[in-house]
Each structure stands twice: as structure tokens, then as C-alpha cells.
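Working notes, structure below.
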Amino acid sequence: MLNALTLILCTQLVGEVAARSLGLPVPGPILGMVALTIGFATVPKLREAVRPVAQGILGHLSLLFVPAGVGVIGNLQALQGMGLALTLAILVSTVLAIAVGAVTFALVARLTGARDD
Amino acid sequence: MTDVAQIWSYLSQGPLLWLTATLAAYGIGDACFRAVNRAPVANPVLIAVVLLGGLLWLTGTPYATYFEGAQFVHFLLGPATVCLALPLADNLPRLRRALLPVAAALLVGSVTAMTSALAIAWAFGADAALLASLAPKSATAPVAIGIAEGMGGQPTLTAVLVILTGITGAVIATPLLNLLRLKDWRARGFAVGVASHGIGTARALQVHPVAGAFAGLGMALNAVLTALLAPFVLGFFVN
């Protein structure tokens, strides 16, 4: 467990250093995610060694957003009297983006025969 | 006998109290979520946030004090993002077979999220700084904040809008996609990850592992695409 956790943190560290030193518009953890995916694909033993820890953390991924969510409650005044407009903008755009994105995916998958088997 | 106020002032200095409260509030939220047969409206994050927000308000606790305890939970967001490599690697052959649908849904989903949000706010008379803060709201928080700042937006407002977008996506995704009768877990997960980043991905992981993997991929790809497209799309609404 300790080794798996160290590997995860090291990967994030490498991602952070790469993102900052190369001035990339992607956060370090996402670069780390890409790097570890490649690592897992090339060394299957590594994937199985990290699996229990990764599953443990991902099993409670929602919990990790709670502190940032509480910050929203204290900062609602940042909406500056545009609360209704911004709420509507977020609600409608999220509904549209999910619907249109998912339908596009399914349509293109059907057209190109990219079935999920 | 020690005064209650003394115990309170001791506890409110350290991280223990608010770290415990964060886990307990999420535990309550998760219990409610299970009690209503996992109805998406009873989103555990939403319930925990409302409970904790009320508690902070009642006790007059500033957010900075709360965050001293909550930071340990918040910190794990980075390592958890790295851990998304696991569902991605598990589904790599599946991802390879879906490159075209992924590219198409990414472009369409990302552009739809930005233009529709900007058009609505613009119609309500939002100024340029507000529009710049809103444009990248579907990207993961650190990326969105960086993009908004670069375009003259306000980081605090962007952070609020990003979280609200995530919670909205997590709550509406399942009923919306059921209504559309889409059964492809890849399509469902990917669209949610593109539109509502990590909070949507957390929701997708609860629903199905394939949806979770595609949501993680959608979140990562849209972080990059939003950084590239946001200034261009914003240009249509401000001059």
C-alpha cells in the first residue's frame, strides 16, 4: 500500500514539474494521469500493485469535492446580482452539452462502426 | 468543570474538528443517497456542502478555519486524478476503438457548453469580465481558473461556477440520458466528463466503470480543448 501511494504521489510530482517547466495549459495531476495510464499499459504488474489503493481513493472521489463545494456557499456573493442569469446559463448549458455530446458520440460510433464489444 | 466555550475554542483552533465534520457530513449525504435508492437529486456532495455551509454559518466559523481541517481531503483531489489512470488503462482497448466518436463528442460537447452558457449570460447583459469568468466553467477547476484569469475573468467567480457546473452535471446526467434512451456507457460517461469535469466523473464512476473511464478521459481532453478554444469562443461575445 505504501509503495503504491508513493508511486501515485511521485507521478503527480513529475506531472506538476512537467506542467510548470514546460508551461503547459494542463494541470500536473492530469499529466500524471496520462503518464500512469501509459505505465499501467506497458507494465501490467504495476497496475495490479496499485489497483487496491487506486480503487480505494476513487471509491470516494465525490467526497474530495466537498471542501471546494463549501467554499462556494461562502462566495455566492461573487455572483454579483447576476445569480439568476448565471444559474440559468449553467443549468441550460450543462443539459445541452451532456445531451448533444452523448448523442454525437453514439451517432458517430454507429456511423463508423465503433461498437462497444 | 471546563467551560464548553473553552473546549470549543480549543477544538476550533486545530484541524480535527472540521476534518471530522467533513467526513461525517459526507457520510450523512451518502446515507441519504442510499436511502432514496441512489436518486441523483440526493447528491451526496450537495447534501454535505449544504450541511457544512449551514454549520459554518451557525457557528460563525470563517471558511479559512474550516479549510485548515478540510485541506487534507481537498489535497487528495490531485492523487485521485492520477488514480483515474486505473479505469483508463483497464479500458484502453475500448478507448482505441472509439477514437472518432471521442473526437467528435469532445469538440461538439465542449463548444456547446461554452457557447450556450455565454449566449444566455450575454442575453442577460453580463459584462466582459463575467463572460470571461463563465466561459471555461466545464473544464476542471485549476485549468478553468487559469484560463479565466488569462482572459480578464475573476478566479473566485470561476471557481464557484466550475463547482456549480459539476454538481449540476452530476445531478441531471442520469435522468437526462435515460430520457434520451442512450444505453452506450461510453457515450454517457464521456459526455458527462466533458461537460462537468471531476464531479461528473465521480458520479459516472458510481454508475458504471466504463462510464467512469470515459468520463475521466472526457475531463482530461476537455481541459486541453477549453484552454485552446475559450479565448476564440469568447471573442464572439465581447469585442
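Every number in this text was worked out from the coordinates using simple rules, so none of it is lab data. Please read all numbers here as calculations on a predicted model, not as lab measurements. Neighbour counts run over all protein chains shown; Cβ positions are idealised from the backbone, glycine included.
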At a Förster radius of 35 Å, what calculated FRET efficiency corresponds to the Cβ-Cβ distance of B:A39 and A:L22, to the nearest 0.05?
0.20
Sequence order, region B:62-75: Karplus ³J(HN,Hα) from phi using 6.51 cos²θ - 1.76 cosθ + 1.60, θ = phi - 60°, Hz rounded, Gly and Pro as x, gives x, 4, 4, 5, 4, 5, 4, x, 6, 4, 5, 6, 4, 4
Give the residues of region B:8-48 whose amide nitrogen is closer than 13 Å to a point set 7 Å from the Cα of B:T59 in the direction of its Cβ.
B:8-25
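Is there a quick way to get the dipole size of region B:12-138? I mean about its Cα centre, with the Cβ of Lys and Arg at +1 and of Asp and Glu at -1; what is the value in debye to the nearest 20?
Result for region B:12-138 is approximately 480 debye, rounded to the nearest 20.
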Among B:A135, B:V162, B:S110, flag the residue with its Cα farthest along the positive direction of the charge dipole of region B:89-234, charges on Cβ as +1 for Lys/Arg and -1 for Asp/Glu.
B:S110
Relative contact order of region B:4-75, please, whole-number percent, based on alpha carbon pairs below 8 angstrom and at least 6 residues apart.
40 percent
So for region B:111-200, taking the charge dipole from beta-carbon charges (+1 Lys/Arg, -1 Asp/Glu), which of B:G193, B:L180, B:G152 sits furthest toward the positive end?
B:L180
Selected from B:A48, B:A213, B:A98 as most flexible by GNM, with chain B as the system and alpha-carbon contacts under 10 Å:
B:A98
Cα centre as origin, Lys/Arg/Asp/Glu Cβ charges: the protein assembly as shown dipole, Debye:
1100 debye
Quick check for me: using +1 on Lys/Arg Cβ and -1 on Asp/Glu Cβ, what's the dipole size of chain B about its Cα centre, in debye to the nearest 20?
1000 debye
Kirkwood-based Rg over Rh for the protein assembly as shown (C-alpha set), two decimals?
0.97
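Computed FRET efficiency, Cβ-Cβ of B:T20 and A:L91, R0 45 Å: what is it to the nearest 0.05?
The value I calculate is 0.85.
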Provide a whole-number value for the mean count of partner chain Cβ atoms within 10 Å of the Cβ atoms in peptide B:70-78.
5
Go ahead and estimate [θ] at 222 nm for chain B from helices alone: -39,500 (n - 2.57) per DSSP H run with n ≥ 4, summed, over the residue count, rounded to 500.
-26000 deg cm²/dmol
Nearest 500 deg cm²/dmol is fine: what mean residue ellipticity at 222 nm does chain A get from its DSSP H runs of n ≥ 4 alone, each adding -39,500 (n - 2.57), divided by its residue count?
-26000 deg cm²/dmol
